[in-house]
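So the structure is just underneath, and the comments pick up after that.
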Amino acid sequence: MQRIRRYPFYLLLLPLFFCLHGVIENYGAISFFEAIEIGLWISSFLIITFFILFLFSKSKLLSALITFFLWVLFLFFGAIKESLEYFPLLSSYKILLPSLLILLFITYYTLNNNLKIQIKLTVFFNILLLIYCSYDSVFLLYKIGFEKPHTIEPNFDFNYKAVRQRPNIYYLVFDEYAGYTSLKDSMGFKNDLFFESLKAKGFDYVPITANYFFTPFSMSSTINMQYLSRPDNNSIVTAKEIQRRTSEIKNGVVFKIFERMGYQIKNYSFFDILTSKNIGGDGFLIGHSRVLTNKTIFSKMFKDLGGNFMKKGNEIEFMQKLFLGDFPVYNQKVEKGLLNTIQTKSKLPQFVYAHFLMPHEPYLFDSSGVPNSLSSHFNLNKKNEPIAYLSYLKYCNKKIINYVDEIQKKDSNSIVVVMSDHGRKQYSNKTANSQAPFDNICFIKQIDKPLEKKIKI
């Protein structure tokens, strides 16, 4: 009992509880090694904070308690703010941040030179965190033993014996590429040159419509070949719901079928696929370590207030690059992986999934391939946003043709699918274009289909 009174074990139990609880809450979206890494980082900074405060206060218990309160606010700020969402005035940053600072000062002056309260709080937090960590440890063991990753069971039988050929398959997805109809009706742009160019290269145009305009939903439905019950409105699509979709994609029926047929799955996307980890793009989805760090005070404030540094007149290049994250290099990584796979011969047949984030915003290039400035990404309005999208789409067209040409040059006896997950979401006239976000594209090049003619795009 004396040790519980004298030593602040709760300082080391806090990061353990934070990581354990986060892993349980987001089970399957973060690995144990990722959680351990975050826990070690938090523990290191927490210990540094304690020693800095101890240099000034010379009190072990006081320094530990103030360190504890500071890191509870840092780690659980997002949860605190979200719990106050029903009280808009209290949850606003103008009220919340000063209130928390005042609360910290009151706590410090209450605890300072009051050893009795310091000992009682030390005992209380030691026991409380020990109970929390014990409970979460047992609950996590239960999940490991009895809870399976969220998957969709196939509602059909696949006849593996009927398979006679196993050509390489290239599944190229271009995020938010709008269909012909919505481009023509909403933007006055006829995409005939691109469509005819693919047809001339042996592609068949398949008229399809997306069921969703959320990438995790549309890709889960496609990869599992099933319709998902769609939420009635955007507000109820939570991070937990998106994580369920990403788990369904990771364990997708299509990938499992091809793997069973002896295919090697090549994954160049921001999703985890079977045992293959994503190539980045965690800024697009809340997965891996971000499920833990997303609600810390830094992440929450940057997400809510970071846009203010992007507006015209307030541009800060460092903040803009931080805000964009790995978007500018993501497509380059997908392209590099795809081209390397095309040029490398493999003994096993390959199913190549390459998911490009274009013409999805941010619009990184114009139609000529000239990089757009950082400021242009954050200062689009209703008038110039469609122009930027259309310019990036034309750049995307050229890229698609280049990828197709490279595949046909190096691996002509293959199946190629070029499609979008959904159409463009942003339209100024939502009523007239209610179906536009679901209008997408799909072209399929089958084995040994002869070329018609070459069209320059």
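The values are calculated or read from the model by the stated rules, or taken from the named source; none is laboratory data. Quick caveat, the model's predicted, so the values are computed rather than measured. Neighbour counts are summed over all protein chains in view; Cβ atoms, including those assigned to glycine, are modelled from backbone coordinates with ideal geometry. Keep in mind that these areas ignore ligands, DNA and RNA; they rest on the heavy atoms of the full protein, side chains included. Shrake-Rupley method; radii C 1.70, N 1.55, O 1.52, S 1.80 Å.
Being among the hydrophobic types (A, V, I, L, M, F, W, C) and more than 14 Å from residue 321 (Cβ to Cβ) is the filter here, so list the residues in the stretch 358-376 that pass it.
358, 365, 370
List every residue pair whose Cβ atoms sit under 6 Å apart, with the two residues 6 or more apart in sequence or on different chains, where the first one lies in the stretch 163-182 and is on the phi > 0 side of the Ramachandran plot and the second, anywhere, is open to solvent by 10 Å² or more (accessible area, probe 1.4 Å).
Taking only residues 6 or more apart or on different chains, the pairs are 176/360.
Pull up the stretch 376-424, narrow it to residues that are more than 17 Å from residue 441 (Cβ to Cβ), in contact (Cβ under 8 Å) with a residue 60 or more places away in the chain and in contact with an Asp or Glu (Cβ under 8 Å, 6 or more places away or on another chain), then point me to the one that is least open to solvent (accessible area, probe 1.4 Å).
It comes out as 377.
Using the structure shown, decide if residue 56 is open to solvent by 100 Å² or more (accessible area, probe 1.4 Å) and hydrophobic (A, V, I, L, M, F, W, C).
Spelling it out, residue 56 is indeed open to solvent by 100 Å² or more (accessible area, probe 1.4 Å) and hydrophobic (A, V, I, L, M, F, W, C).
I'm trying to understand the selection: among the residues of the stretch 1-43, which are open to solvent by 60 Å² or more (accessible area, probe 1.4 Å), of a type in the set (Ser, Thr, Tyr) and at pLDDT 85 or above?
7, the sole residue that qualifies.
Of 367, 391, 373, which residue is more than 23 Å from the chain's Cα centre (by Cα) and farther than 24 Å from residue 195 by Cα?
Within the list 367, 391, 373, the selection yields 373.
Do we find that residue 189 is closer than 29 Å to residue 154 by Cα and over 29 Å from the mean Cα position of the chain (by Cα) in this structure?
no
Which condition number does residue 401 fail, the rest of (1) assigned to a helix (DSSP H, G or I); (2) modelled with pLDDT of 95 or more; (3) within 26 Å of the chain's Cα centre (by Cα) being met?
Residue 401 satisfies all of (1) assigned to a helix (DSSP H, G or I); (2) modelled with pLDDT of 95 or more; (3) within 26 Å of the chain's Cα centre (by Cα) except (3).
Say whether the condition of being at pLDDT below 90, open to solvent by 40 Å² or more (accessible area, probe 1.4 Å), of a type in the set (Val, Ile, Thr) and part of a helix (DSSP H, G or I) is met by at least one residue in the stretch 140-148.
yes
Exactly one condition in (1) free of Cβ contacts under 8 Å to residues at least 40 places away in the same chain; (2) out of contact with any Lys or Arg (no Cβ under 9 Å at 6 or more places or on another chain) is false for residue 91; which is it?
Condition (2) is where residue 91 drops out.
Need a quick list: helices (runs of 4 or more DSSP H) entirely within the stretch 296-384 having at least 3 residues that are within 30 Å of residue 178 (Cβ to Cβ).
Once the helices (runs of 4 or more DSSP H) in the stretch 296-384 are filtered for at least 3 residues that are within 30 Å of residue 178 (Cβ to Cβ), what remains is 317-324, 327-343, 374-378.
Among what's in the stretch 160-187 and is assigned to a loop (DSSP other than H, G, I, E, B) and at pLDDT below 90, pick the residue that is nearest to residue 336 (Cα to Cα).
165
Out of contact with any strand residue (DSSP E or B) (no Cβ under 9 Å at 6 or more places or on another chain), assigned to a loop (DSSP other than H, G, I, E, B) and crowded, with 16+ Cβ neighbours inside 10 Å: is that true of residue 194 in this structure?
no
Could you check, for the stretch 150-160, whether at least one of its residues is touching a residue at least 12 places away in the same chain (Cβ under 8 Å), open to solvent by less than 50 Å² (accessible area, probe 1.4 Å) and more than 29 Å from residue 62 (Cα to Cα)?
Yes - at least one qualifying residue is present in the stretch 150-160.
In the stretch 61-75, is there at least one residue being open to solvent by 20 Å² or more (accessible area, probe 1.4 Å), in contact (Cβ under 8 Å) with a residue 40 or more places away in the chain and farther than 21 Å from residue 4 by Cα?
Yes: the stretch 61-75 contains one or more residues that are open to solvent by 20 Å² or more (accessible area, probe 1.4 Å), in contact (Cβ under 8 Å) with a residue 40 or more places away in the chain and farther than 21 Å from residue 4 by Cα.
So how many residues does the stretch 316-367 have that are free of Cβ contacts under 8 Å to residues at least 24 places away in the same chain, surrounded by fewer than 14 Cβ atoms within 10 Å (Cβ to Cβ) and not aromatic (Phe, Trp, Tyr)?
7
Out of everything in the stretch 407-457 that is among the β-branched types (Val, Ile, Thr) and over 23 Å from residue 355 (Cα atoms), what residue ends up being modelled with the highest pLDDT?
Among residues in the stretch 407-457 that are among the β-branched types (Val, Ile, Thr) and over 23 Å from residue 355 (Cα atoms), the one modelled with the highest pLDDT is 455.
Consider residue 49 against the criteria (1) farther than 16 Å from residue 125 by Cα; (2) modelled with pLDDT under 95; (3) of a type outside the set (Phe, Trp, Tyr); (4) surrounded by 15 or more Cβ atoms within 10 Å (Cβ to Cβ): it satisfies all of them except one. Which criterion is unmet?
Only one criterion in (1) farther than 16 Å from residue 125 by Cα; (2) modelled with pLDDT under 95; (3) of a type outside the set (Phe, Trp, Tyr); (4) surrounded by 15 or more Cβ atoms within 10 Å (Cβ to Cβ) is unmet by residue 49, namely (2).
Of all the residues that make up the stretch 81-131, how many are more than 24 Å from residue 9 (Cα to Cα) and either modelled with pLDDT of 95 or more or open to solvent by less than 50 Å² (accessible area, probe 1.4 Å) (or both)?
Total meeting the criteria: 8.
What are the pairs, 6+ residues apart or on separate chains, where a residue within the stretch 228-255 that is of a type in the set (D, E, K, R) has its Cβ under 7 Å from a residue that is at pLDDT below 80?
Taking only residues 6 or more apart or on different chains, the pairs are 244/150; 248/150.
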